[in-house]
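The values are calculated or read from the model by the stated rules, or taken from the named source; none is laboratory data. All of these numbers come straight from a predicted model, not from anything done at the bench. A quick note on method: Cβ atoms are made from the backbone with ideal geometry, for glycine too, and the neighbour counts reach across all protein chains shown. Accessible surface is based on the protein model in full, side chains and every heavy atom, while ligands, DNA and RNA are left aside. Shrake-Rupley method; radii C 1.70, N 1.55, O 1.52, S 1.80 Å.
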Amino acid sequence: MREVEAIRKHPLYVEYYDRLKESEKERKFCCHQMEHLLDVARIAYICNLEKNMGIRKEVIYGAALLHDIGKSRQYEEGIPHEKASAKIAKIILEDLPETYYSEEEKHAMLRAVLGHRREREDMEELERLLYLSDKRSRMCFDCGMEAECNWSAEKKNLEITV
């Protein structure tokens, strides 16, 4: 998946991913690093296949890699990470060769990154897929920090769901 590797190796992605790792090195709660990003991608891709949605694997994996990339800015500056992530993602996607993602795919990816935190009625297909996969990727039911977590009970993933 050359498109996804191009995102992962993009200098801006590397910079923000390193900042994210540093920001979360002593974090007790859920982290937003590669394990989480790939869990989201894999869950989304499985759902995509099961529902015959027809979204390209590279689009799903690319959006999943980008959806939390701005989290360090939330920690450092208080900027909502979905907004910071969308700004970073836009720069990265614009830098990629035109043959990697269509303009429609880029739009869908950016909308998914920006909208992955809150469910809305008017969500686009990839946006809803990323939102649901992000929530399903969390294993609150097996987390030693679940009792101390400030997520509401409604947000916590308390059972295995795919």
**Prompt:** Is it true that LEU37 is under 18 Å from TYR75 (Cβ atoms) and surrounded by 16 or more Cβ atoms within 10 Å (Cβ to Cβ)?
**Reply:** yes
**Asked** So, of the residues in the range 106-129 that are among the charged types (D, E, K, R) and in a helix (DSSP H, G or I), which turns out to be nearest to LYS155 (Cα to Cα)?
**Response** ARG128
**Residues located in the range 80-99, provided they are under 18 Å from ASP18 (Cβ atoms) and either in contact with a strand residue (DSSP E or B) (Cβ under 9 Å, 6 or more places away or on another chain) or modelled with pLDDT under 95 (or both)** = HIS81
**Prompt:** over 17 Å from the mean Cα position of the chain (by Cα) and within 17 Å of ILE69 (Cα to Cα) - does that describe any residue in the range 86-94?
**Reply:** yes
**Message:** With the structure loaded, tell me whether LYS135 is of a type outside the set (Asp, Glu), touching a helix residue (DSSP H, G or I) at 6+ places or on another chain (Cβ under 7 Å) and surrounded by 12 or more Cβ atoms within 10 Å (Cβ to Cβ) or whether it fails that test.
**Reply:** no
**Fill in**
Filter the range 9-23 for residues that are out of contact with any Ser or Thr (no Cβ under 8 Å at 6 or more places or on another chain) and surrounded by fewer than 17 Cβ atoms within 10 Å (Cβ to Cβ); the one that is farthest from ARG136 (Cα to Cα) is PRO11
**Complete:** If we keep only residues of the range 72-96 that are in contact (Cβ under 8 Å) with a residue 40 or more places away in the chain and surrounded by fewer than 18 Cβ atoms within 10 Å (Cβ to Cβ), then the residue nearest to LEU132 (Cα to Cα) is TYR75
**Asked** Quick check: is even one residue across the range 94-102 out of contact with any Cys (no Cβ under 8 Å at 6 or more places or on another chain), part of a helix (DSSP H, G or I) and closer than 24 Å to GLU24 by Cα?
**Response** no
**Request:** From ILE69, ILE55, grab the single residue that is surrounded by 17 or more Cβ atoms within 10 Å (Cβ to Cβ) and under 13 Å from the mean Cα position of the chain (by Cα).
**Result:** ILE69
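Out of the range 99-150, which residues are polar (S, T, N, Q) and closer than 15 Å to TYR45 by Cβ?
SER133, SER137
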**Matching residues in the range 113-147 - criterion: being among the small types (Gly, Ala, Ser) and touching a His at 6+ places or on another chain (Cβ under 7 Å)** = SER137
**Prompt:** Looking at (1) touching a residue at least 40 places away in the same chain (Cβ under 8 Å); (2) under 20 Å from ILE7 (Cβ atoms), which is the one condition that is false for HIS107?
**Reply:** (1)
**Request:** Residue by residue through the range 100-122, note down the ones that are at pLDDT below 95 and surrounded by fewer than 20 Cβ atoms within 10 Å (Cβ to Cβ).
**Result:** ARG117, ARG118, GLU119, ARG120, GLU121, ASP122
**Prompt:** Would you say GLU26 is of a type in the set (Asp, Glu), open to solvent by 30 Å² or more (accessible area, probe 1.4 Å) and farther than 15 Å from ASP134 by Cβ?
**Reply:** yes
